[in-house]
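The values are calculated or read from the model by the stated rules, or taken from the named source; none is laboratory data. Treat the numbers as computed from the prediction; the structure is a model and nothing was measured. Virtual Cβ from ideal backbone geometry, glycine too; neighbours counted across all protein chains shown. What goes into the accessible areas is simple: the full protein's heavy atoms, side chains included, and nothing from ligands, DNA or RNA. Shrake-Rupley method; radii C 1.70, N 1.55, O 1.52, S 1.80 Å.
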Amino acid sequence: MAVEPVVYGASERPPRGDYGRAGADYTCAQDYDSYTAADHDTYRRLYERQAALLPGLASDAFIAALPSLGVKDRIPRFEEINERLHQATGWEIVGVPGLIPEVPFFTLLANRKFPVTDWIRTPQEFDYIVEPDIFHDLFGHVPLLFNPVFADYVQRYGQGGLKANERGACEQLSRLYWYTIEFGLIRERDGLRAYGAGILSSSGELRYAVTSPEPQRVPLALERTMRTRYKIDSFQQTYFVIDSFQQLFDMTAPDFAPVYERVKALPELAADEAVPGEMAIAA
Ligand code: PHE
Ligand code: CO
């Protein structure tokens, strides 16, 4: 069954994935034979560059889990990763042609399935790509699915997404995804570190997010975060900081229905807006 492609935010290009290959749940088999030698080489070079940047900038849990991805000199097969991932946390990765709509996305996460785009960027996009590709999805997201507490958080996000959809609160909830799973920072013993996939898979934003004096860094707080708009095509101007994955898990345990009501009654905040009295966290 053919499904429609999805675009989030403004973009001049249509999404490049072939949605005709996807089933009704938007998943597709990883088309491994379609990868060229150049594709494998792009993956190898992206991995090598990014892995070298991690010390002192990526969270300990991420660095510890990265080797679980397996091969780094070619694009891995999803089945190879799934053998280890399923054993570690009961999660599995599934192929998708690109971004998928909210309800199928939440449904996959609620069932401990993480959608991974199966195509890789072109060499011209080596430094920056707006759409997620296989490198972003695998390198950025999959290592922390080996972490039991973080893996539980992502599943609960999917369950919460289905509830938010019924309450017309997807936009509010998606900001929490953006500022944690994609662009989250964590305060560790040795200082601030990145755990968000959008940071960890970006050569430029990793150092910027953790060390630049430019963006503001503030403690993660549900309502504050859900009010804050975000930019999809530039480095973030605000990062939200947690102290542990357990804190993230516990903070999101309560029913969000009253939180959504309060957030919807408050004005939105711009991506770079400062809130008076808010504690800034030094880089
Ligand atoms: N507690 C949220 C709710 O009741 C669900 C949720 C959990 C959302 C974790 C995001 C992250 O809707
Ligand atoms: Co992502």
What are the trypsin sites (Lys or Arg not before Pro) within the stretch 53-102 that DSSP puts in a loop, where the Cβ has at most 13 other Cβ atoms within 10 Å? 77
If amide H atoms are modeled at 1.01 Å from N in the peptide plane, then the residues at a separation of 5 or more from residue 239, or on another chain, having amide H under 5 Å from its own are 216, 217, 218
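At 1.4 Å probe size, with the rest of the protein present, what percent of the exposed accessible area of the chain is carbon and sulfur atoms?
Here it works out to 53 percent.
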Using each residue's phi in the stretch 268-283, evaluate 6.51 cos²θ - 1.76 cosθ + 1.60 at θ = phi - 60° and report the 3J(HN,Hα) Karplus result to the nearest Hz, with x for Gly and Pro. 6, 10, 5, 4, 10, 6, 9, 9, x, x, 6, 7, 7, 9, 6, 5
Longest the chain segment clear of chymotrypsin sites (Phe, Trp or Tyr not before Pro) sitting in DSSP loops (not H, G, I, E or B) with at most 14 other Cβ atoms within 10 Å runs 129-283
Using a 1.4 angstrom probe with every protein chain in place, what is the largest-first accessible-area order of 59, 202? 202, 59
By accessible area with a 1.4 Å probe, ligands and nucleic acids excluded, highest first: order of 229, 193, 16: 229, 16, 193
Sequence-distant residues sharing a close amide H with residue 111 (under 5 Å, placed H): none
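Go ahead and estimate [θ] at 222 nm for the chain from helices alone: -39,500 (n - 2.57) per DSSP H run with n ≥ 4, summed, over the residue count, rounded to 500.
Taking each H run of at least 4 residues, the total per residue is -11000 deg cm²/dmol.
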Counting only residues 5 or more apart in sequence or on a different chain, those whose built amide H sits under 5 Å from that of residue 96 are 28, 116, 117, 118
Which whole-Hz couplings ³J(HN,Hα) result when phi for each residue of the stretch 166-177 is put into the Karplus expression 6.51 cos²θ - 1.76 cosθ + 1.60, θ = phi - 60°, listed in order with x for Gly and Pro? 5, 9, x, 10, 4, 5, 4, 5, 5, 5, 5, 4
Check cross-link reach from residue 264 to the lysines: straight Cα distance under 22 Å, and skip same-chain residues fewer than eight apart. 163, 231
Starting from the Cα of residue 72, draw a straight line to each of the aspartates and glutamates and keep only those under 15 Å, dropping any in the same chain fewer than 8 residues away. 39, 41, 48, 80, 137
Suppose each label sits 7 Å from its Cα in the direction of the beta carbon; what would the residue 265-residue 234 distance come out to in nanometres? 3.3 nm
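Could you please report the charge total around residue 282, scoring K, R as +1 and D, E as -1 over all other residues with beta-carbon less than 12 angstrom from its beta-carbon? Write down the numbers at each step before the final one.
Numbers: positive: 187, 217; negative: none.
Surrounding charge for residue 282 is +2.
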Under a 1.4 Å probe, counting only protein heavy atoms, residue 279 has an accessible area in Å², nearest 10, of 110 Å²
I'd like to know how the stretch 119-170 sits against the 2.2 N^0.38 Å rule of thumb: what's its Cα Rg over that expected value? 1.51
How large is the translational diffusion coefficient of the stretch 19-264 in µm² per second when you combine the Kirkwood radius over alpha carbon pairs with Stokes-Einstein at 37 °C and 0.692 mPa s? 180 µm²/s
Calculate one ³J(HN,Hα) per residue across the stretch 189-200 by plugging θ = phi - 60° into the Karplus curve 6.51 cos²θ - 1.76 cosθ + 1.60, and present them in order as whole Hz with x for glycine and proline. 3, 8, x, 6, 9, 9, 10, x, 5, x, 6, 5
Considering Cα pairs under 8 angstrom that are at least six residues apart, work out the relative contact order of the chain and quote it in whole percent. 17 percent
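Rolling a 1.4 Å sphere over the protein heavy atoms, what is the accessible area per residue of the chain, to the nearest Å²?
For the chain, the solvent-accessible area averages 44 Å² per residue.
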Whole Å is fine, so just give me how far the alpha carbon centre of the stretch 219-253 lies from that of the stretch 30-80. 26 Å
